[in-house]
Structures are given as structure tokens and as C-alpha cells.
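For reference, the structure is listed below as C-alpha cells.
Where a number appears in this text, it was derived from the coordinates with a stated rule and is not lab data. Remember, it's a predicted structure, so these values are computed and weren't measured experimentally. Positions of Cβ are generated from backbone atoms using ideal geometry, with glycine treated the same way; all protein chains shown enter the neighbour counts.
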Amino acid sequence: MNTVFALSGVVIKELYRRKDFYVLFVLTALITLMVGSVRFFDDDKIIRIVKEASLLLIWISALVIAVGTAARQIPAERENRTIFPLLAKPVTRAQVLLGKFAGCWFAVGLTLVVFYLFFGVVIGSREHHWPLANYFQVMWLQWSMLGIVTALVLFGSLVFAAPSSNSTICLILVIGILLLGGYLNRVAAQQPGPLGALIYGIYFVIPHLEWYDLRKFVQYDQGLVPWSYCLLATLYAALYAALLLFAAWLVFRRKALNL
């Protein structure tokens with residue numbers, strides 16, 4: 001376990017040495033502050049637009065950081081040939097995979113904390129109250145969802161040849177699930193025969209990332225979701241991430257490391 005945490009610490013340090021996080025945070029802050037400074041006939045409902053814009057930017061930024069960070073981990077180790085001394089320490093391939101996953105996931109978690117602290121300060125200065133429990137639920141479920149995404153991208157990095165192709169395919173897949181995943185069962189019900197069965201199969205196999213999007217609860221002040229829902233969603237994310245990591249390990253343990 002110490003080896004896994006040591007490897008994860010290296011990943012976290014690597015993320016904060018790069019400019020990705022700082023650029024995305026500055027862009028998110030600037031756009032949020034610009035939207036928040038606009039007044040439409042002194043309409044107080046502008047705060048909903050600020051919430052929507054800010055939360056959307058947080059989701060996009062965190063997704064880009066998670067995918068970009070996870071996609072380059074193992075390919076970079078192979079390209080720089082640091083994977084060979086790493087495995088000679090000795091460190092098992094399972095430990096490398098778990099360390100990379102933990103580092104990417106914890107790094108994204110720290111990023112979310114920074115983003116949501118900024119969000120809370122900006123929104124709290126306008127609304128003059130801080131629903132911390134709501135913010136925690138939104139952040140926690142987003143972080144849980146990004147655990148699935150991180151495991152998926154690590155698996156993809158062992159399947160696809162280049163980090164760029166892996167990132168592109170995973171982003172398209174994740175965005176497609178977020179936008180369309182919840183409607184596949186309705187589409188399947190309208191399709192006859194084998195096509196409907198195929199769509200139903202896809203609906204039950206894909207990770208339902210859209211379940212983790214609680215932005216509207218904050219945007220429209222709808223209160224808390226049941227904590228039991230958060231628990232079940234967390235367990236679902238943990239199970240799916242574990243399955244993806246197991247699949248990645250099966251590929252990694254048989255994969256030749258030479259370029």
C-alpha cells in the first residue's frame with residue numbers, strides 16, 4: 001500500500017507542475033466573474049445563469065484534467081523508459097496501475113476542491129448564504145463519476161496506441177453517455193426485435209455517468225438529495241471503477257512494454 005501511495009504522490013506532483021490546471025482554473029474564474037458582473041435590468045435571477053455557467057465550466061475543466069492526466073500516465077512511462085526501473089524495484093504491474101489511478105483520482109479531487117471553493121465564494125457573495133451540504137453532494141458525486149472516467153482512460157491507454165486517440169475516444173464516449181445514456185431505454189422500447197434488445201443491452205452495460213450530475217439541484221436551490229442515493233451511487237462508481245481497473249490489469253500484465 002505504501003508503494004501505491006508513493007506512486008500516486010508522484011502523479012499529483014506532476015499535475016501541479018503542469019499548466020493545465022492553472023489555465024483551466026483562470027479561464028473558469030474569468031468567465032464566471034464576467035457572467036456574474038452582467039446585469040439584465042437588475043434581474044436578481046442572473047444568479048442562476050452564474051451558477052449554470054460556473055458549474056458547467058467546472059464539469060468541463062475537471063473532465064479535461066481527468067482524461068488528460070490519466071491518458072498520458074503509462075504511455076509516458078514507456079516512452080521515457082522509466083517503467084523498467086520502476087518495475088525492477090520490485091513493483092508489480094498491479095501496484096503501478098493502482099498508483100496511477102489513485103494519483104489521478106486524488107489530483108482531480110484536489111482540483112475539484114479548489115474549483116468548488118471558488119464557486120462557493122462567488123455564489124455566496126451574491127446569495128449571502130452557503131449551502132455547504134449541497135456543494136459537498138455535488139462535488140462528491142462528480143468526484144465519484146470521475147473515478148469511473150479515470151479507470152476507463154487508464155484502460156484505454158493500454159488498448160489504444162497514442163494518448164491523443166485514447167483521450168479523444170474516451171471524451172466522446174463520456175460526453176455521449178452524459179447526454180444520451182439516460183434515454184437509451186426509451187429508444188430501445190420503440191425499436192422492434194433484435195435492435196431494441198441490442199440497445200437495451202448497451203443501456204444496462206454502460207456506466208450511467210448522468211446519475212452523478214446534480215448541478216440543477218444547486219442551480220434551482222432544490223435542496224439535498226437523499227444521502228442513501230449518494231451512498232448507492234458511490235458504491236456503483238466504486239464497483240464500475242474496480243471492474244475497469246481489473247480489465248486494465250488483465251491487459252497490462254500481458255502487454256509488452258518495449259516501444
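Across the chain, the relative contact order, built from alpha-carbon pairs under 8 Å that are at least six residues apart, equals 26 percent. Using r as the Cβ-Cβ distance of N80 and K216, and R0 as 25 Å, what FRET efficiency do you calculate, to the nearest 0.05? In this case the efficiency is close to 0.05. Computed with the Debye formula from one identical point scatterer per Cα of the chain, without solvent, the log10 of I(q)/I(0) at q = 0.07 Å⁻¹ comes to -0.28.
At an R0 of 35 angstrom, the distance between the Cβ atoms of R48 and V113 translates into a FRET efficiency of 0.90. Once the C-beta distance of A256 and S164 is scaled by a Förster radius of 25 Å, the resulting FRET efficiency is 0.75 to the nearest 0.05. Charges were assigned to the Cβ only: +1 to each Lys and Arg, -1 to each Asp and Glu. The resulting dipole of the chain about its Cα centre is roughly 920 debye. Restricting attention to the chain, the count of lysine pairs at 8 or more positions apart or across chains with alpha carbons under 28 Å apart stands at 10.
Between the range 69-139 and the range 47-63, the C-alpha centres lie 19 angstrom from each other.
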